[in-house]
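Student: One structure, as structure tokens, below. Some questions next.
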Amino acid sequence: MIPYGRQEITSDDIDAVTAVLGADFITQGPAVSAFEGAVAGHVNAGFAIAVNSATSALHIACMALGLGPGDRLWTVPNTFVASANCGRYCGATVDFVDIDPVSWNMSVPALRAKLVQARREGTLPKVVVPVHFAGQPTEQEEIWSLAREFGFRVLEDASHAVGAARNGERVGSCRWSDVAVFSFHPVKIITSGEGGMALTNDSELAARMSRLRTHGITRDAALFVDDRARGNPPPWHYEQHELGLNYRMTDIHAALGLSQFGRLEHYVGRRNEIARRYMEQLSGLDLQLPSVLPGNLSAFHLFVVRLAGNPSPARHRRVFETLRAAGIGVNVHYIPVHLQPYYREAGFGEGQFPESERYAHSAFSLPMFPTMTELQQQTVVDAVADCLGETGQSASSR
Ligand SMILES: *Cc1c(COP(=O)(O)O)cnc(C)c1O
């Protein structure tokens, strides 16, 4: 089976991890700081907070933004459940904005229309979470201008978009957001095994997120509030100021992440090469191919194609099963989040976000990973071409 995604671990990665295992720190220590510094420097963000997953980063970002019961968080249905769940962890209500049929990212006109209505009804969101789907940057400057107009905070879920850029601005710079989050899960662009990072230019948000990743505890004497510790605190003193978590990244993971980070541009380059070849070789088929918006450099975490027209769920499934049977590890990213049983319980159902639902009935992620060979890619292309011929015929002969 040619998988849809796969990490590459080099001997340099193994050496970096082995070196940490013999060092003084194995949990959060100098490798975490070095990884944070490297990523923040690369994307030109003021602060980076490494944690044990992107899910954790989304959670502490929502907490630091003050999201709580009675508040609303909006994201897209076409994402991994974590983009929505971070709102639920804080007790907030989650709602969705439909996607654009071309970029497959949050539709800016749909967001504006929903905001106008929410302002009338007094139901404006506190936090909006745009997702850089498949590695394609969102129209972030437009979302940011709506944030100014309607008074919400912006948390970018950039789990797919490490190494992506828009108009020369790297995703993660937070030029058009309050916080951006990266994932280092093994299927993503670079990996630390498990891991995530929150980026921000706001020193208060950064301080709060670093506190929240470690139990809400501070060791900064300037912040102590305990009277007995003011002025001349004993050297062992620390204070818990709020209810935080243990979301620390270990130095073992950070060493792997930092080593991988050195190959980021190579990986994004490879992914774009593979994407270009797919675009050429699949162009004659009855498929909607990905559109990279002008000014965007996609990280191409995923290479998604859609069956053209309005395929029936049965045809979608038949194509999927035919490709799997041919050894092609296709996948569907994503089942719309609002149709998950957990969110249906909150009242969501079919028909509410039609673009996302149509998308989910027609989309496949084809294998895409930097070490994919030309031969493997040819195998995928041939299987897709054969399968569309066969399943198309069987569909029309019914
Ligand atoms: C992978 C992913 C996450 C979660 O990342 P973890 O590091 O596994 O917690 C969140 N959002 C999106 C869009 C993702 O693809």
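The values are calculated or read from the model by the stated rules, or taken from the named source; none is laboratory data. Only a predicted model underlies this, so the values are computations on that prediction, with no experimental measurement involved. Glycine gets a Cβ as well: all are built from the backbone with ideal geometry, and neighbour counts include every protein chain shown.
Student: Since ARG120 meets every condition but one in (1) surrounded by fewer than 24 Cβ atoms within 10 Å (Cβ to Cβ); (2) in a loop (DSSP other than H, G, I, E, B), which condition does it not meet?
Tutor: Every condition holds for ARG120 apart from (2).
Student: Considering only the range 161-212, state which residues are within 15 Å of PRO130 (Cβ to Cβ), assigned to a loop (DSSP other than H, G, I, E, B) and near the ligand (Cβ under 10 Å from one of its atoms).
Tutor: ALA161
Student: Note down all Cβ pairs under 7 Å where the first residue falls in the range 170-191 and is over 14 Å from ALA206 (Cα atoms), the second is part of a strand (DSSP E or B) and near the ligand (Cβ under 8 Å from one of its atoms), and they're at least six residues apart or on different chains.
Tutor: PHE182/GLY196; SER183/GLY196; PHE184/GLY196
Student: Conditions: (1) under 20 Å from the mean Cα position of the chain (by Cα); (2) assigned to a loop (DSSP other than H, G, I, E, B); (3) among the hydrophobic types (A, V, I, L, M, F, W, C). ILE49 meets all but one. Number of the miss?
Tutor: (2)
Student: Determine whether the range 245-252 contains at least one residue that is under 30 Å from LEU297 (Cα atoms), touching a Gly at 6+ places or on another chain (Cβ under 8 Å) and either within 16 Å of the ligand (Cβ to nearest atom) or polar (S, T, N, Q) (or both).
Tutor: yes
Student: What is the residue count in the range 63-86 for residues that are of a type outside the set (Phe, Trp, Tyr) and within 13 Å of the ligand (Cβ to nearest atom)? Give the derivation first.
Tutor: First, the residues of the range 63-86 that are of a type outside the set (Phe, Trp, Tyr): 63-73, 75-79, 81-86.
Retained after the next criterion (residues that are within 13 Å of the ligand (Cβ to nearest atom)): 75-79, 81-86.
Going through the range 63-86 one residue at a time, the tally reaches 11.
Student: Filter the helices (runs of 4 or more DSSP H) completely within the range 262-363 down to those with at least 2 residues that are at pLDDT 95 or above and acidic (Asp, Glu). Steps first, please.
Tutor: Details: elements: 264-282, 313-325, 341-344, 354-360.
In the range 262-363, the matching helices (runs of 4 or more DSSP H) lie at 264-282, 354-360.
Student: Where the second residue is part of a loop (DSSP other than H, G, I, E, B) and away from the ligand (no atom under 16 Å from the Cβ) and the first is more than 30 Å from THR373 (Cβ to Cβ) and of a type in the set (Val, Ile, Thr) and lies in the range 328-346, which pairs have Cβ atoms under 9 Å and are six or more apart or on separate chains?
Tutor: Close Cβ pairs satisfying both conditions: VAL337/PHE348.
Student: Can you tell me how many residues within the range 75-117 are in contact (Cβ under 8 Å) with a residue 12 or more places away in the chain and part of a helix (DSSP H, G or I)? First the steps, then the outcome.
Tutor: Step one: list which residues in the range 75-117 are in contact (Cβ under 8 Å) with a residue 12 or more places away in the chain, which gives 75-87, 89-108, 110-112, 114-115.
Then drop every residue that is not part of a helix (DSSP H, G or I), which leaves 82-87, 89, 108, 110-112, 114-115.
Total meeting the criteria: 13.
Student: If I filter the range 213-228 for residues that are within 16 Å of the ligand (Cβ to nearest atom) and buried (at least 23 other Cβ atoms within 10 Å of the Cβ), do I get at least one hit? Step through it out loud before you land on a result.
Tutor: Pass one, the range 213-228, residues within 16 Å of the ligand (Cβ to nearest atom): 213.
Those left that are additionally buried (at least 23 other Cβ atoms within 10 Å of the Cβ): 213.
Yes, there is a match, as at least one residue in the range 213-228 is within 16 Å of the ligand (Cβ to nearest atom) and buried (at least 23 other Cβ atoms within 10 Å of the Cβ).
Student: What is the one condition in (1) under 29 Å from GLU355 (Cα atoms); (2) within 12 Å of the ligand (Cβ to nearest atom) that ASN52 does not satisfy?
Tutor: Only one criterion in (1) under 29 Å from GLU355 (Cα atoms); (2) within 12 Å of the ligand (Cβ to nearest atom) is unmet by ASN52, namely (1).
Student: Please determine, by comparing only the residues of the range 37-49 that are touching a residue at least 40 places away in the same chain (Cβ under 8 Å) and away from the ligand (no atom under 16 Å from the Cβ), which one is nearest to GLN136 (Cα to Cα). If you could, list the steps in order and put the result at the bottom.
Tutor: Quick first cut of the range 37-49, residues touching a residue at least 40 places away in the same chain (Cβ under 8 Å) only: 38-40, 42-49.
From what is left, the residues that are away from the ligand (no atom under 16 Å from the Cβ) are 38, 40, 42-47.
Details: ALA38: 22, ALA40: 20, HIS42: 18, VAL43: 16, ASN44: 19, ALA45: 19, GLY46: 23, PHE47: 23 Å.
Filtering first and then ranking leaves VAL43.
Student: If I ask for residues that are modelled with pLDDT of 95 or more, out of contact with any Cys (no Cβ under 7 Å at 6 or more places or on another chain) and hydrophobic (A, V, I, L, M, F, W, C), which ones from the range 188-236 would you list?
Tutor: If we filter the range 188-236 for residues that are modelled with pLDDT of 95 or more, which is where we start, we get 188-217.
Then keep just the ones that are out of contact with any Cys (no Cβ under 7 Å at 6 or more places or on another chain); that gives 188-198, 202-217.
Within the range 188-236, ILE189, ILE190, MET197, ALA198, LEU205, ALA206, ALA207, MET209, LEU212, ILE217 meet the criteria.
Student: Further, regarding this structure: I'd like the full set of residues that are more than 14 Å from the ligand (Cβ to nearest atom) and surrounded by 22 or more Cβ atoms within 10 Å (Cβ to Cβ), limited to the range 126-137.
Tutor: First, the residues of the range 126-137 that are more than 14 Å from the ligand (Cβ to nearest atom): 126-128.
Residues satisfying the conditions are VAL127, VAL128.
Student: For the range 138-147, state whether one or more residues are farther than 24 Å from VAL116 by Cα, within 14 Å of the ligand (Cβ to nearest atom) and assigned to a loop (DSSP other than H, G, I, E, B). Write out each step before concluding.
Tutor: Of all residues in the range 138-147, those farther than 24 Å from VAL116 by Cα come to none.
The answer is no, given that none of the residues of the range 138-147 is farther than 24 Å from VAL116 by Cα, within 14 Å of the ligand (Cβ to nearest atom) and assigned to a loop (DSSP other than H, G, I, E, B).
Student: Within the range 276-294, how many residues turn out to be surrounded by fewer than 21 Cβ atoms within 10 Å (Cβ to Cβ), in contact (Cβ under 8 Å) with a residue 12 or more places away in the chain and not basic (Lys, Arg)?
Tutor: 10
Student: Within the range 328-346, identify whether any single residue is in contact with a strand residue (DSSP E or B) (Cβ under 6 Å, 6 or more places away or on another chain), under 14 Å from PHE96 (Cα atoms) and surrounded by fewer than 21 Cβ atoms within 10 Å (Cβ to Cβ), and answer yes or no.
Tutor: Scanning the range 328-346, I find no residue that is in contact with a strand residue (DSSP E or B) (Cβ under 6 Å, 6 or more places away or on another chain), under 14 Å from PHE96 (Cα atoms) and surrounded by fewer than 21 Cβ atoms within 10 Å (Cβ to Cβ), so the answer is no.
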